[in-house]
1. Considering segment 73-92 alone, what residues qualify as being farther than 13 Å from A142 by Cα and either buried (at least 23 other Cβ atoms within 10 Å of the Cβ) or at pLDDT below 95 (or both)?
2. Select from segment 241-257 the residues that are surrounded by fewer than 10 Cβ atoms within 10 Å (Cβ to Cβ) and either in contact with a strand residue (DSSP E or B) (Cβ under 7 Å, 6 or more places away or on another chain) or of a type in the set (S, T, N, Q) (or both) and list them in ascending order.
3. So is D236 out of contact with any helix residue (DSSP H, G or I) (no Cβ under 8 Å at 6 or more places or on another chain), among the charged types (D, E, K, R) and assigned to a loop (DSSP other than H, G, I, E, B) or not?
4. For the list (1) in contact with a strand residue (DSSP E or B) (Cβ under 8 Å, 6 or more places away or on another chain); (2) in contact (Cβ under 8 Å) with a residue 12 or more places away in the chain, I need the number of the one condition that E453 fails.
5. Go through segment 689-715 residue by residue and tally those that are of a type outside the set (A, V, I, L, M), over 12 Å from P662 (Cα atoms) and in a loop (DSSP other than H, G, I, E, B).
6. Which residues, counting only those in segment 372-417, are in a helix (DSSP H, G or I), among the acidic types (D, E) and under 16 Å from N337 (Cβ atoms)?
7. What are the pairs with Cβ atoms under 6 angstrom where one residue, in segment 253-276, is in a helix (DSSP H, G or I) and the other, located anywhere, is at pLDDT 95 or above and of a type in the set (G, A, S)? Sequence gap at least six, or different chains.
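The values are calculated or read from the model by the stated rules, or taken from the named source; none is laboratory data. Keep in mind that this is a model prediction, so the values were computed, not measured. Every residue, glycine among them, receives a Cβ derived from its backbone with ideal geometry; neighbour counts consider all protein chains shown.
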Amino acid sequence: MKRKEILFRKFASGLLAFALMAGVLPTNGFSAEMWESYSQYIPQSTPVQKRHLRGAWISSVINLDWPTKQTSLIANSEERIAKSKQELVAIMDRAEDMNMNALYFQVSPEGDALYSSDIVPWSRYLTGTFGKGPGFDPLQFAVEEAHKRNIELHAWLNPYRVAMSTDDAMRATLNVEKSVYKDHPDWIRAASNRLIVDPGIPEAKSWVVSRVMEVVQKYDVDGIHFDDYFYLSGVDDQSTFEKYNAGEFSSIGDWRRNNTYELVKEISEKIESEKPWVKFGISPSGVWANKKDGYPDGSNTSASLTHYDKSYADTKKWITEEIIDYIAPQVYWSFENKAAPYGELGTWWSEVVKGKDVHLYMGQALYKANDDTDPAFQGTRAVDEFKRQLKFNAMKPEISGSIMFRFRNVYDAGKQDVVKAIENDLWAKKALVPVMGWKGGKAPKSPESGNVELSSEGVKLSFLDKDTSTAYYAVYRVDKSVGLDVNTDQSANYLVGTVRKSGQTASFTDRGNYDKNTVYAVTSLDRLHNESSPRVVGANNSKYFYDVGAGSGWAIAAVDGLYEREVVKGIGNGLFAPGSSVRRADFLIMVMNSYGIEVEENLTDNFSDAGSTYYTDYLATAKKHGIVQGVGDGKFNPEGSISRQDMFVILHRALKSIGQLPTAGEPVRKLEDYADRGEIADYALEAMKLFVETGVVQGDGGYLRPLNSSSRAEASQVMYNLISDI
């Protein structure tokens, strides 16, 4: 048997031992209906969420996910490079197909690098030889390929691990240039059949920090990621404690926890100073501490491996102090597991992050599907278990995402039922990465303009955008009669794709259903996923409203022009309702906004039906200045339709109040020219006469139709004609 195969089996055995210690495999510890107490978070139908992180870990250690062992040993360098890239592209493509939006790429599994480093040697897992270059930069390639697909790429480093074995053969391979084992043998400790650097040595901590910051400074990564490898069981660091403690801590455990805390805190501060948009997250084991073991803040679990007192990582403190941006606990157990039930741990972690500037992503045990003794992960029950877990994650307010361990399991034959359930149901709708408001950034401007073109390949959208803060675009397919609010979870039902920005113009081809009622909404997002308001893109359509076009195409310039001047607003969901009758209060607001008539607040004299709403202060101000007089009985009827003659009466009084009435010279038309002039009320005669003579009112086929109501589009056209030269 080859040595690498032995090493893999040892690693697999280690995973099994971890599972047993953590209480994953109790012989009789399952209760079939434990998930039912969480049923409020596990609906029958799949929840729709627009913002949810969906990711997977890509493990490079012992060639678990990438590159494959076979590829790493290809002797011909050009062939090996091509095959390595091909495998990574295939991973990226599969991640995109599954609607993932984040990947956690292991770039330093054991004091080495899958990137060009001045500090540590090239990883053995790239070529089979420690320190041998692969002929290209895998991290740079991964970042580029991920970003092409609008997938976040987090660089995953193991801070302390140096080697996966302590035997002499392994040690002999470590004596290469830049190896910490060779350069700093006094830092090296053996623990749990692993070689690590001693976390308590200050210079070793600085070495870890320098590795992280080299990645941050040289690469356009979206995040830095650590897993659960901090202190390992069995490490002998008593002499280090005695040398560096200086009497500050009476307990070696507290001293160790402080060492990991200081490391995480320093890295957090340095990332924030260097590139504040880069996220920093930790993926510890699933249990912080058991309450039963004397930790009142712990979870109701009985796991043997708890990271507070075994790995000496006080992640709860890190969350409380907000020195990390996200926590991704490896909750690799079922709802039915009594030692560490999924529901209990999901709830416990949710309470820890509540109110904190820290996202919670749940680590999912995809590797266990049909490959574990827990019956919940076997056969058809595995599908049900993953559905429950991912629905729980989507519905629990404090949980912001899910990360699968690990990527290669996506291809495993025995896991395809689970994978298909994720791909075709649970993650069937696209989702955007949740915004971390504390990381800064702001929504870019909307794309400036757009166009649609029908082709044999589908509908090609093209749009112009000059905002340098834009990282990518989101494209929504919309029924113009229904509209869409892109800020709701339901908008995920209409999200058809994203496009990475590359220059001032971008394009996207939609191969879905398209008909005369289809328009598109395109938004701009910065690299932290802050989203602009939508730009509507459609054939002969408004830039701002889905339903202004086709039958109301003549009003596009007016509606868009007034919207840009903040004269008009929509009715919600991106709709304008151009054919609906304009309401009396809304027309008054249009007039006052058009001419800059300032609204006065807290006026006491108002109409009895003015209410307490968006038009209340407008009515009081207009009444004070004599712009409106009401309909009698102290009322204005603000939500009723307005007649054409009342529109022009309000307009006449408003212009008179600010001294901007048009001057009547040689009449364009005369009131006598219209057959229905007799229908004009006495109070409206002065206004109608002036606006007819000055050409503001032109009528329709010899009729003024003074008693008819006007549509919102018609009213917009009137106001736009009047103020377009202002």
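1. none
2. S250
3. For D236, the condition - out of contact with any helix residue (DSSP H, G or I) (no Cβ under 8 Å at 6 or more places or on another chain), among the charged types (D, E, K, R) and assigned to a loop (DSSP other than H, G, I, E, B) - is met.
4. Looking at each condition in turn, E453 falls short on (2).
5. 8
6. D384, E385
7. What qualifies is N259/G200; T260/A313.
Residues are listed down the side, and each one gets a yes or a no for (1) under 24 Å from the mean Cα position of the chain (by Cα); (2) on the phi < 0 side of the Ramachandran plot; (3) not assigned by the TED database to the domain that holds S165:
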position	(1), (2), (3)
W187	no, yes, no
N193	no, no, no
P202	no, yes, no
V209	no, yes, no
D227	yes, yes, no
